[in-house]
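As structure tokens, the structure follows; a few thoughts come after it.
The values are calculated or read from the model by the stated rules, or taken from the named source; none is laboratory data. Because the structure is predicted, anything quoted here is derived from the model rather than measured. Positions of Cβ are backbone-derived with ideal geometry, glycine not excepted, and every protein chain shown enters the neighbour counts. Surface areas here come from the heavy atoms of the whole protein model, side chains and all, with no ligands, DNA or RNA. Shrake-Rupley method; radii C 1.70, N 1.55, O 1.52, S 1.80 Å.
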Amino acid sequence: TESQSQTLDHFFKVSQMTGAGVGDLLSQVGRSGPTFRTLGFSVEETASMMGLFEKRGIEAEAVAMGLQRAIGKFTEGGKSARAGFDELVAGIKSATTTEDALAQTTGILSERVALKLVNAIRQGGFEFQAFNAEVKKRSETVRKAAQDTAGFVEMMFLLKHRVTEALDVLVYHRLLLY
């Protein structure tokens with residue numbers, strides 16, 4: 001469908017901009033997607049984050065696992081998971097030192113995950129909105145890349161495929177008429 005094609009194109013663009021492989025992004029989003037979906041992120045936003053994490057050397061799966069465990073803490077007091085997450089990120093961003101930033105995570109995350117999350121946030125791993133907007137501006141698509149790199153063999157294969165399809169339709173309609 002068109003939506004699936006657009007999503008695949010988004011993954012392709014993130015890959016082109018970050019150096020993360022499309023397969024790796026798909027795998028990471030597949031494993032971490034439920035956590036980020038619970039936090040209110042779209043598939044495209046999650047793919048952008050995973051690409052930025054990869055580009056900055058941040059362990060995406062460790063961050064996602066830590067956030068999954070923290071969702072219960074985020075929702076205490078009737079807040080949404082996203083509101084709790086946004087408060088934590090804002091607190092970490094506003095901290096003047098790494099120690100102050102880590103203090104924001106006390107009681108929410110384990111020490112190991114807290115350090116990874118603090119580093120991810122302070123390295124801009126969650127500054128994906130501007131990156132996501134840049135991804136959407138780019139015009140490359142999987143189809144265009146395939147067309148741009150197709151050689152003679154690929155073009156002949158495509159021609160053969162289209163001729164075979166046309167003949168199949170023709171034969172099918174002929175059989176219906178008899």
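Values for this structure:
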| quantity | calculated |
| --- | --- |
| Scope the range 135-152; condition open to solvent by less than 80 Å² (accessible area, probe 1.4 Å) and at pLDDT 75 or above; matching residues | Val135 |
| Some residue of the range 43-54 being open to solvent by 70 Å² or more (accessible area, probe 1.4 Å), closer than 20 Å to Gln129 by Cα, part of a helix (DSSP H, G or I) and not hydrophobic (A, V, I, L, M, F, W, C) | yes |
| Candidates Ser32, Ser94, Ser110, Ser27, filtered to the one that is modelled with pLDDT of 90 or more and either farther than 17 Å from Asn132 by Cα or in contact with a Leu (Cβ under 9 Å, 6 or more places away or on another chain) (or both) | Ser94 |
| Boolean, Phe85 is modelled with pLDDT of 85 or more and aromatic (Phe, Trp, Tyr) | yes |
| Count - residues of the range 55-66 that are assigned to a helix (DSSP H, G or I) and open to solvent by less than 30 Å² (accessible area, probe 1.4 Å) | 5 |
| Cross-chain or 6+ apart pairs with Cβ under 9 Å, the range 1-30 first and within 10 Å of Ala47 (Cβ to Cβ) and outside any helix (DSSP H, G or I), then basic (Lys, Arg) and modelled with pLDDT under 90 | Ala20/Lys55 |
| Selection from the range 10-22 of residues that are modelled with pLDDT under 85 and open to solvent by less than 30 Å² (accessible area, probe 1.4 Å) | His10, Phe11 |
| Index of the failed condition, Thr35 passing every other in (1) surrounded by fewer than 15 Cβ atoms within 10 Å (Cβ to Cβ); (2) more than 20 Å from Thr18 (Cα to Cα); (3) touching a residue at least 12 places away in the same chain (Cβ under 8 Å); (4) not aliphatic (A, V, I, L, M) | (1) |
| Scan of the range 67-123 for residues that are in contact (Cβ under 8 Å) with a residue 40 or more places away in the chain, open to solvent by 40 Å² or more (accessible area, probe 1.4 Å) and within 23 Å of the chain's Cα centre (by Cα), ordered by number | Arg69, Ser80, Arg82, Lys116, Asn119, Gln123 |
| Of residues in the range 57-110 being among the polar types (S, T, N, Q) and in contact with a helix residue (DSSP H, G or I) (Cβ under 7 Å, 6 or more places away or on another chain), the one farthest from Ser32 (Cα to Cα) | Thr98 |
